[in-house]
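Data block below; observations after.
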Amino acid sequence: MSVLEKAPSRRRPAAATAREPRAGLRDEHGRRIRAWELVLRYVLLLAVLALTAGPFLWQLSTSLKGPTEDIFSSPPKFLPGHPTLHNYERVSATIPVWDYALNSLKVATANVVTNCAGSALAGYALARLRYRGRAAATLTFVLAMLVPVEGIVIAQFTTMRELGLNNTLVAVVLPGSIGAMNVLLMRNAFRNLPYEIEEAAYVDGANVWQRFLRIALPSVKGTLAVVAIFSFMGAWDDFLWPLIVLSDPSRFTLTIGLNYLHGTFAGDERLVAAGTVIAVAPLIALFACLQRYFFRGVGEGAVKG
C-alpha cells in the first residue's frame, strides 16, 4: 500500500461539514427557522403592536397638541409640532379629576387586597384540603364565570340598598371583592406545587395555616401578581356598576368623571385625549412594576383541563 493510500484523507471533514445545515436561528424544538418565516413573524408582531398600542399612542399625541394644530389633517400628523401640557391643566380645571382618581385608587386598592387574600385562601382550600363537596365548590366557581355581569346587576343593587350601602365606595368594592377567575387561577397554581413539600412540613408538625403562609403562598408569587393586575384593572376600568350605585358626584370614580368630561366637551378631542391618558397611566405603571412576575404567574396558574 502506498504512502498516499495510508495517509488519512483531509477532505472528508470538509465535505461532511458542507453537508451539515448552516447555523441560524432555531425555535425551542431545535428546528431551523427559515428567513421568510422570521419575516412573517415580525410582520404579524408589528401588526398586533399597531392594533394594541396604536390607539393609545395616538391619544397621547393628541393630548400633547396645541389648539392651533389640526388633529384631523390628511394625511394625519402623528407627532405634535409644539408639544404642550396645557390640555392636562384644562382637564384639572374642568373636573376634579384628581379627586376622582383618588376614589378609583381607593376602590382598586381594596379590590386588589380582597381578591389576593380571598382568592389565595379559596384556591388553597380547593387545591390542597380534603373535604366533602370540594368538586361541587370548584364547579360553582366555574359556573359563576358563565354568568354575565349585566344579568345580576339588579340583584346586586337591591342587595346594596338593603344593606344601606348605596352611594358608598364600599358598595363599589363588594361585588367584585373575590373574582371566580382569580380563585381558579390560584387553585391551579397551588395544584402545581409538589405534595411532598407539604407532607414533609406536616411531619415536622406544621399546621394548615403554617403550610399555607410559609410554604404554599411564597411559591405562587407570580400568580398573585397576575391576580393583583387583573383586579386593579377590573376595578379601575369599571364603569357600569359605579354608575348605577353612586349618585353623589364627590364619590364618583375616574371612569364616571371622564364620561362627564366627554359628554360635556365632546367636540374638544384634545381634552378627552388628555383625560384618557390620565386614566391609563396608572395601569401602565402597575404593569411595569409587576411585569416580571406576570408572565411567570400566567404559567403557574394556567387553567388546565
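Compute the Cα gyration tensor for the range 168-271, then decide on rounded, prolate or oblate, letting a ≥ b ≥ c be the square roots of its eigenvalues: rounded whenever a/c is under 1.5, prolate when a/b is larger than b/c in the other cases, and oblate in all that remain.
Taking the square roots of the gyration eigenvalues as a ≥ b ≥ c, the range 168-271 is prolate.
Using r as the Cβ-Cβ distance of residue 161 and residue 139, and R0 as 22 Å, what FRET efficiency do you calculate, to the nearest 0.05?
That pair, residue 161 with residue 139, gives E of 0.10.
According to a simple spin-label model (label point 7 Å from Cα along Cα-to-Cβ), what is the distance in nm between residue 260 and residue 280?
2.4 nm
Quick one: length gained pulling residue 237 to residue 31 fully straight, 0.36 nm per residue minus the C-alpha distance?
So the extension gain works out to 69.9 nm.
Where in the chain are the helices, taken as whole DSSP H runs, whose Cα atoms extend 20 angstrom or more along the long axis and whose Kyte-Doolittle mean reaches at least 1.0?
35-63, 221-237, 269-300
Just from its helices, what would the mean residue ellipticity at 222 nm be for the chain, if runs of 4 or more DSSP H residues each count -39500 (n - 2.57) and the sum is divided by every residue, rounded to the nearest 500 deg cm²/dmol?
-21500 deg cm²/dmol
Counting only heavy atoms of the protein chains, get the accessible area per residue of the range 151-222 (1.4 Å probe) and round it to a whole Å² value.
Per-residue accessible area for the range 151-222 comes out at 57 Å².
If I take R0 = 45 Å and measure r between the Cβ atoms of residue 68 and residue 147 in this structure, what FRET efficiency does the formula 1/(1 + (r/R0)^6) give, to the nearest 0.05?
0.30
If R0 is 41 Å, what FRET efficiency do you get for residue 51 and residue 129 from their C-beta distance, rounded to 0.05?
0.40
If you keep only loop residues by DSSP, which chymotrypsin sites (Phe, Trp or Tyr not before Pro) in the range 29-121 have at most 14 other Cβ atoms within 10 Å of their Cβ?
Qualifying residues, ordered by number: 72, 78.
Could you list the trypsin sites (Lys or Arg not before Pro) in the range 126-185 that lie in coil according to DSSP, counting only those with at most 13 other Cβ atoms within 10 Å of their Cβ?
130, 132
Based on the inverse mean of 1/r over its pairs of different Cα atoms, what is the Kirkwood hydrodynamic radius of the chain, in Å?
Hydrodynamic radius (Kirkwood, Cα pairs) of the chain is 24.1 Å.
Counting other Cβ atoms within 10 Å of each Cβ, which chymotrypsin sites (Phe, Trp or Tyr not before Pro) in the range 104-184 have at most 10 and sit in a DSSP loop?
Qualifying residues, ordered by number: 131.
Expressed in nm to one decimal, what extension gain is obtained for the pair residue 201 and residue 248 from 0.36 nm per residue of sequence separation less their Cα-Cα distance?
11.7 nm
The values are calculated or read from the model by the stated rules, or taken from the named source; none is laboratory data. Just so you know, these numbers come straight off a predicted model, no measurement behind them. Methodologically, a virtual Cβ is constructed for each residue, glycine included, from the backbone with ideal geometry; neighbour enumeration extends over all protein chains shown. When the accessible area is computed, the model is the full protein with side chains, heavy atoms only, and any ligands, DNA or RNA have been set aside. Shrake-Rupley method; radii C 1.70, N 1.55, O 1.52, S 1.80 Å.
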